[in-house]
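Only one structure is covered here, and it is reproduced in the block below.
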């Protein structure tokens, strides 16, 4: 017998029973009334009718309650699991008399259906989310890869497939290092980073610049920056995410190439070479026959060409310093020889301005550790400035001594314009020049900025003292070679590499 | 700048000038010839390299930016005994191109001299070559 038939027969039995009780009660009580009180028939019938009416009302209430309570409970159960509206407590099926089994069965069905619906909804939401993720990853306009914990590529987006120019099945499911021929610019590679991350991190991020990849069937390599995110605890097993930023064009240009400054310098130097060559030819051929004034002009022309060549070098060196590209090759040099070269080269420029360079170099100077090209620029710039600012005075003094700190100190002194005290603190700034002097003196203000950078890169110091109308003294130091070799922990006579912003890391001498 | 004084005939006298800037090679040829050198000029890199490999020159002036092959390539080929088994010439780099300092150091290491053309006059080049003999 099913739950419903059982419920129907329960109701049926209950109703029959109640009807019987009611009849017995009404008939019994009428009969009793009649016998005991001896009332007449009409009175008895009236009393019985009243009793039967009351009994019927009571009976109807009881039957209705019994019959509708299960439906009420089913309604409660539905309300209980309904997603919207007011929360309804779960029905207490065990309190039910008739139909308890039927109702508890129905309620269970309702609950089961609800949970199925719930699951479907949840699955749909996840599906939608997956579609979103897939859409985002696939339409991401950057190559994107996912690796699992064994370095197998588990996902590649469309941009990556087209970037690597290989079919998807040659990437997905393959080991990243065999599928992709990557090379990094130094020891810190994807493999080394991942190895470390797996040991020491739960999540980690890294990026690399100038990563190269060789592509099958293509001659040129591609170059890109690579960003990676590692997450040991990713529940899907998506351990490492890689995003590539292609810079092939820019990097290969850099590789072959010359910066704007380098190109400009080359273009400036070619006519300068010719200019200086022709001036020399003219001087050789015509010099003996020229009158004093023309001879003077010839010298001025030559000095100007020299000055221009020196300025071109300044531009180049400033650009190198800005790019952190200036590398010094420090060699053991006789300081007197270095100074003599500069003074000889500057004599013409001094001469055309009517200035004599008086150089005094102490006899006991130790050899110094300098990059002869760069330190030449320093002395040349300082002397050139002194000559320019001498203005009407006849001499520029150059002195080199071993100072009390045991370093070689060189000072260059003029007796000319001098520098205002308010300007002095900014004198080594790039492009900084005295406004008052700008009209009177040529130059860009690059020279002192450059000199300071080069001196500091040598491990020396540079300073200035000045008084208006009395002249200026620029003083800088360079290290004796013995001290420098001591700093480098060895007396390597092959020279020491240094950058403008500190020691050059790749020099084996400075590797720990 | 003094007028050219008659110089004794140089011992290393056959010079190959690999230089594509015609006016520069003209100026150098003039100064060197007057000082007693014999000068051949090649304007093209490949032709210059071929000439250099004949091993008849004492001195090679090598510009780094020449057509068809770079000066650095020429330098490497000339210094590689498999490519150039017989090579006794002194190689002097003459350039107006600025290298990165590390590249420059490397080039200087392979060459016998490195000159920035804008920083010297033809006469100073002659003086420089004269010092090679000592």
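For the reader, a short list of remarks on this structure follows.
- FRET efficiency estimate (nearest 0.05) - Cβ-Cβ, residue A:80 to residue A:25, R0 41 angstrom: 0.50
- R0 of 25 Å, Cβ-Cβ distance residue A:9-residue A:61: FRET efficiency to nearest 0.05: 0.70
- Between residue B:33 and residue A:188, the distance separating the two model label sites (each 7 Å from Cα on the Cα→Cβ line) works out to 5.9 nm.
- Paramagnetic label zone (point 7 Å from Cα along Cα-to-C-beta, residue A:130; backbone N under 18 Å) in the range A:235-254: A:235-239
- Mean partner shielding of peptide B:90-96, defined as the number of other chain Cβ atoms within 10 Å of each residue Cβ, is 2.
- Per-residue ellipticity at 222 nm, computed for the protein assembly as shown from helices alone with -39500 (n - 2.57) per DSSP H run of at least four residues, works out to -16500 deg cm²/dmol.
- For the residues of A:264-272, the average number of beta carbons from a partner chain within 10 Å of their own beta carbon is 4.
- Entry note, the range A:140-256: relative contact order of 26 percent, from Cα contacts under 8 Å with a spacing of 6+ residues.
- Angle in degrees between helix A:335-352 and the longest Cα principal axis of chain A, rounded to the nearest 10: 70
- Where labels lie 7 Å past Cα in the beta-carbon direction, separation of residue A:394 and residue A:221 in nm: 6.5
- In terms of other Cβ atoms within 10 Å, A:374, A:482, A:162 run from fewest to most in the order A:162, A:482, A:374.
- The range A:140-256: C-alpha pair distances exceeding 18 Å, %: 49
- FRET efficiency for the residue B:69 to residue A:207 pair, using the beta carbon distance and R₀ = 45 Å, is estimated at 0.75.
- For the range A:147-170 versus the range A:18-38, the gap between their alpha-carbon centres in whole angstrom: 95
- To the nearest ten degrees, helix A:372-390 and the longest principal axis of the Cα atoms of chain A are 70 degrees apart.
- Approximate spin-label separation residue A:45-residue A:236, in nm, with each point projected 7 Å along Cα-to-Cβ: 8.9
- Just so you know, the Cα atoms of the range A:122-165 work out to an Rg and Dmax of 12.3, 38 Å.
- Here the scattering of the protein assembly as shown is modelled by Debye summation over its C-alpha atoms, one equal scatterer each and no solvent; at q = 0.08 Å⁻¹ the log10 of I(q)/I(0) is -0.82.
- Fewest neighbouring Cβ atoms within 10 Å first, the residues A:11, A:57 line up as A:57, A:11.
- Among B:117, A:14, a tally of other beta-carbon atoms within 10 Å of each Cβ gives an order, fewest to most, of A:14, B:117.
- Paramagnetic label zone (point 7 Å from Cα along Cα-to-C-beta, residue A:95; backbone N under 19 Å) in the range A:67-82: A:67-81
- In degrees, nearest ten, helix A:292-322 long axis to first principal axis of chain A (Cα): 20
All of the numbers you see were taken from the coordinates with simple rules; none came from a lab. Remember, predicted model here, so these are calculated numbers, not experimental data. Using ideal geometry, Cβ is built from the backbone for each residue, glycine included, and neighbour counts are taken over all protein chains shown.
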